[in-house]
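Beneath this line is the structure, given in structure tokens, with notes to follow.
Nothing in this text is a laboratory measurement; each read-out follows from the coordinates by a stated rule. Please read these numbers as outputs of a predicted model, since none were measured by experiment. No Cβ is skipped: glycine too gets one built from the backbone with ideal geometry, and neighbour counts run over all protein chains shown.
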């Protein structure tokens, strides 16, 4: 129940981010709908494809599709009001990537993959919906560009899960703790403007 | 036999649309070939991947690959004459998306998916070859932009199939009727310039 | 052992090509890492997805991930020195596509696909990492554009394998011979500037 609420909040936040990017590109109604879908379920879909977990998750129950559909309709109607929700959306998104990271890791463990592959799957689940959104909108994916720490929080949070279980912390506690690590790192990174190290020469 | 003819006509129409987009972008011979392939078989490939139906359909017999190959060779040679075929190509394309929608729905039913997921699969089969074509050609997918009703006819046609079967119409009749719904809606939409509702402010 | 060395050299060459493209686009550290990964393992991943060979290869052992990671770190540090390695990189890349073509063909044979599909899989394994790299970097894939013979050498080399086995040459010899066909054709094509036939009018 608790997870499902978070899952839906994350789905909503991702769908709205899709709507905003798509409307900035002046896509039509169908385009906005597809971009919102892809942003929400693209990461999990890629994960399921890579491990052979088909039919992919969102095809097996109506929760995602109906949540996204309702979100898109409301987001289009209230698009001018969305700016007042920026802070909530940021929070939902942050909680979303925390949960999605751990959902991806869980699937990786079920497929008996190595920890580093599980972390990769978790990061994909959290971040690659946005990557596909940006590809469809003809942009270089934003998470490859903005130097802000985003995907990195998923990687570190995912790694913390394996650290916690190594320290003999029970799995369910480690699971929740890792979600909080992702969320805290993201909040701290934004609060203190922590960025990835610059790999280019100053003058470049 | 009847289906196969339609299937091949659709494949040809999609491949030619790929050749035209690729040649507009001045791609080389290999690029034109790949774009034609992707346009023809991209939608069905995505569908097969999502439901785990592998090896994907076009890998299992030579019909598609050879049809597309011959189409590309002829289309490149007779590219200047293609404009005289515009009306036929539009018709093939329209028949193609009708058939592909139902082919996708059929696969969804075989995988025991919910009707709404089947409709999504059908629409993908019909429309997402063009989406991948446009991504490869560095364009925002045309079906997300032109406000014209295209994918929407697949969605409505697909929905009509489930309506028909609910009304106890035998499956094979419903199947053909739904194909005609897609085709008719598309023809009507183009004839009367019916578009998706505008979701942007007039002044924008 | 011999194959593994070649495989790693190919992986390194592909990863470096990813780093160079990503750094030209001024991506951040995470972006450079992902582009390097995708360039190296994208072709094989696509191949594995199409034939349903999941979890995809690179998820099953640490060789690829660690090779690519180390390559990226070194490539970023020594980016200014990379230009002195251009010739070696070209050679690694050429050996890489030769080997990857045959690795793809082998997987196709294991999946009992027709020769032409095996050749398609081989070409994808060798060339489609670069295609996905270019899509993510918002460019039309370079192998669709430069008229240089690149993918074509994989197709011809792959075809030579089936020719050799038809001529009753033992499989393992045919395998190695086909790798050499790819490599030789690529070297000859670059040496003598052999290109695909131009499909456009001169004046265009």
For segment B:1-69, compute Rh as the Kirkwood radius over C-alpha pairs and then the Stokes-Einstein diffusion coefficient at 37 °C and 0.692 mPa s; write the answer in µm²/s, rounded to an integer. 263
Order these by the 10 Å Cβ neighbour count, fewest first: A:83, B:26, C:147. A:83, B:26, C:147
Sort A:95, B:169, C:70 so the one with the fewest other Cβ atoms within 10 Å of its own Cβ comes first. C:70, B:169, A:95
Percent of all Cα-Cα pairs per 5 Å bin for segment A:73-164, counting from 0 up to the last occupied bin, reads 3, 13, 18, 19, 19, 13, 7, 4, 2, 0
The distance between the Cα centres of segment A:1-57 and segment C:149-174, in whole Å, is 43
Would you work out the relative contact order for segment C:2-191, in percent, from Cα pairs under 8 angstrom that are 6 or more residues apart? 24
Give me B:88, C:172, C:40 sorted ascending by neighbouring Cβ count inside 10 Å, so fewest comes first. C:172, B:88, C:40
Ratio for segment A:2-191, C-alpha Rg to 2.2 N^0.38 Å, reads 0.99
Name the residue, out of B:71, B:11, B:125, whose mean-square fluctuation peaks in a Gaussian network model built on chain B with Cα pairs under 10 Å. B:71
Inter-copy distances for residue B:197, label 7 Å out on the Cα-Cβ vector, sorted ascending, nm, one decimal, are 5.4, 5.4
How far apart are the residue A:172 label points across copies, placing each 7 Å from Cα toward Cβ, in nm, shortest first? 5.5, 5.5
Per-residue ellipticity at 222 nm attributable to helices in chain A (runs of n ≥ 4 DSSP H, -39500 (n - 2.57) apiece, nearest 500 deg cm²/dmol) works out to -24500 deg cm²/dmol
With an 8 Å cut-off on Cα pairs and a minimum separation of 6 or more residues, tell me the relative contact order of segment C:86-204 in percent. 28
In nm, one decimal, shortest first: how far is the label point of residue A:81 (7 Å from Cα along Cα to beta carbon) from the matching points in the other copies? 6.0, 6.0
From other protein chains only, count the Cβ atoms within 10 Å of every residue's Cβ in B:59-68, then give the mean. 3
Could you please state, rounded to a whole Å, how far the C-alpha centre of segment C:85-106 is from the C-alpha centre of segment B:90-132? 38
Principal axis box of the protein assembly as shown, alpha-carbon based, largest edge first, Å: 65, 63, 45
When you look at the Cβ of every residue in C:110-118, what mean number of other chain Cβ atoms sits within 10 Å? 3
